[in-house]
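To start, the structure under review is shown below, and the notes come after it.
Computed from the coordinates by the stated procedures, all read-outs in this text should not be read as laboratory data. Please read these numbers as outputs of a predicted model, since none were measured by experiment. Reconstructed Cβ throughout: ideal geometry from the backbone, glycine too, with neighbour counts over all protein chains shown.
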Amino acid sequence: MQWEQLTAPEFSNAVRDTGVCILPLGVLERHSDHLPLGTDFLNAHRIASLAAEREAAVVFPPFYFGQIYEARCFPGALTIRPTLLVELLQAVLDEIGRNGFRKVILYNGHGGNNALVRFLVQCALWDEKPYTLYLPTAAVSKDRREAYDALRETHCGGHA
Ligand SMILES: [Zn+2]
């Protein structure tokens, strides 16, 4: 279920029935010259949406504010002040919780956000919240790694 596509009554039912919200995180940044600037959040949102089809959850709209200060020099990169970024994410998480979700999954599609999302999870210990944050790790089983590798067209990788 997509947060922005639900009616208010549907939303209330979704909160009651699932209690889970996935916040897909990405950023706007250059991905070489052949991929869209939104690649990270578009991928994260799509993967979160596919997961929500298997296990009922509400997917937050694509969130494209992230840490990309090292690539501000490239066209299309979008950055906001670091303290504002942390405050914005915390405010969004609190709003998700205020709307009734008790489990919030941070699904990050951008490597530059890795330290940020870990920090946000640590910050959740600062004061009591009505929700719990979950941060999936990149660790995968050997079987899943082999399945993933089999899908790849090349074995050289990297950003974009
Ligand atoms: Zn990225």
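Data for the structure
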read-out: Filter result (exposed (fewer than 13 other Cβ atoms within 10 Å of the Cβ) and within 20 Å of VAL20 (Cα to Cα)) within segment 96-121; value: ARG98
read-out: Among the residues listed as PHE65, PHE41, PHE11, the single one being in contact (Cβ under 8 Å) with a residue 12 or more places away in the chain, under 20 Å from GLY100 (Cα atoms) and either touching an Asp or Glu at 6+ places or on another chain (Cβ under 6 Å) or surrounded by 14 or more Cβ atoms within 10 Å (Cβ to Cβ) (or both); value: PHE11
read-out: Those residues of segment 140-160 which are away from the ligand (no atom under 16 Å from the Cβ), part of a loop (DSSP other than H, G, I, E, B) and either under 24 Å from HIS31 (Cα atoms) or not aliphatic (A, V, I, L, M) (or both), in sequence order; value: SER141, ARG152, GLU153, THR154, HIS155, CYS156
read-out: Candidate set from segment 90-123 (those that are in contact with a Gly (Cβ under 9 Å, 6 or more places away or on another chain) and hydrophobic (A, V, I, L, M, F, W, C)); member that is nearest to LEU28 (Cα to Cα); value: LEU116
read-out: Residues located in segment 122-137, provided they are over 13 Å from the mean Cα position of the chain (by Cα) and either part of a loop (DSSP other than H, G, I, E, B) or surrounded by 19 or more Cβ atoms within 10 Å (Cβ to Cβ) (or both); value: ALA124, LEU125, TRP126, ASP127, GLU128, LYS129, PRO130, TYR131
